[in-house]
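The values are calculated or read from the model by the stated rules, or taken from the named source; none is laboratory data. Every value quoted in this text rests on a predicted model; they were computed, and no experiment measured them. Using ideal geometry, Cβ is built from the backbone for each residue, glycine included, and neighbour counts are taken over all protein chains shown.
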Amino acid sequence: MPEKTTGSCLCKSVKYIINEEIQSVVNCHCNTCKKITGGAFETIAVIREKSLEIVEGEGALSTYQISENARKHFCGNCGTPIYNLHKKYPGRCMVQIGSLDQPGLVAPAVNIFCESILPWVREIGVLTCFERLPEK
């Protein structure tokens with residue numbers, strides 16, 4: 001894992017650098033994470049907040065107060081989720097790995113909130129895979 005990791009939103013309005021190693025990568029299966037990502041779960045890289053540097057497009061970032069404890073930061077132009085902050089984890093930042101320029105360089109080590117895991121997620125590895133969108 002490189003010491004500096006870069007990332008951006010889909011439209012490239014927001015670009016960032018993580019200036020130190022990622023501390024951990026987690027799949028969160030809570031219902032809130034499903035709602036804020038629109039997916040089956042959220043995969044986040046946990047870093048120290050001060051290591052996240054927005055190098056371009058800070059003005060394009062929008063914020064949504066998820067709960068009294070958590071805030072989501074995303075590109076206001078294309079909607080890409082970038083990072084979350086949570087009061088229960090002061091000094092920490094949760095960056096969505098889908099916004100990393102090279103998300104394949106990290107892998108989740110744990111699943112959390114598994115009481116909310118969708119039943120089919122445990123079986124995802126046995127599904128038929130296609131390299132590209134299949135023809136009909």
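Quick notes on this one:
- Residues in region 29-45 that are farther than 16 Å from residue 93 by Cα and touching a Cys at 6+ places or on another chain (Cβ under 7 Å): 29, 41.
- Cβ-Cβ contacts under 9 Å between residues 6 or more apart (or on different chains), taken from a first residue in region 11-40 that is in a helix (DSSP H, G or I) to a second residue that is of a type in the set (Ser, Thr, Tyr) and surrounded by fewer than 14 Cβ atoms within 10 Å (Cβ to Cβ), are listed as 32/67; 36/64.
- Only residues that are hydroxyl-bearing (Ser, Thr, Tyr) and farther than 16 Å from residue 45 by Cα were counted across region 79-127, and they come to 1.
- Among residues of region 112-136, those that are outside any loop (DSSP other than H, G, I, E, B), of a type outside the set (Lys, Arg) and either more than 27 Å from residue 79 (Cα to Cα) or touching a Cys at 6+ places or on another chain (Cβ under 8 Å) (or both), counted: 7
- Contact map, region 63-83: first residue assigned to a loop (DSSP other than H, G, I, E, B) and surrounded by fewer than 21 Cβ atoms within 10 Å (Cβ to Cβ), second residue of a type in the set (A, V, I, L, M) and modelled with pLDDT under 95, Cβ cut-off under 8 Å, separation 6 or more or different chains; pairs are 66/36.
- Criterion applied to 44, 54, 124, 82 was being at pLDDT below 95 and among the β-branched types (Val, Ile, Thr), and the one residue passing it is 124.
Conditions tested, residue by residue: (1) surrounded by 20 or more Cβ atoms within 10 Å (Cβ to Cβ); (2) farther than 23 Å from residue 67 by Cα; (3) not β-branched (Val, Ile, Thr).
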{"position": "4", "(1), (2), (3)": "no, yes, yes"}
{"position": "19", "(1), (2), (3)": "no, yes, yes"}
{"position": "28", "(1), (2), (3)": "yes, no, yes"}
{"position": "31", "(1), (2), (3)": "no, no, yes"}
{"position": "39", "(1), (2), (3)": "no, no, yes"}
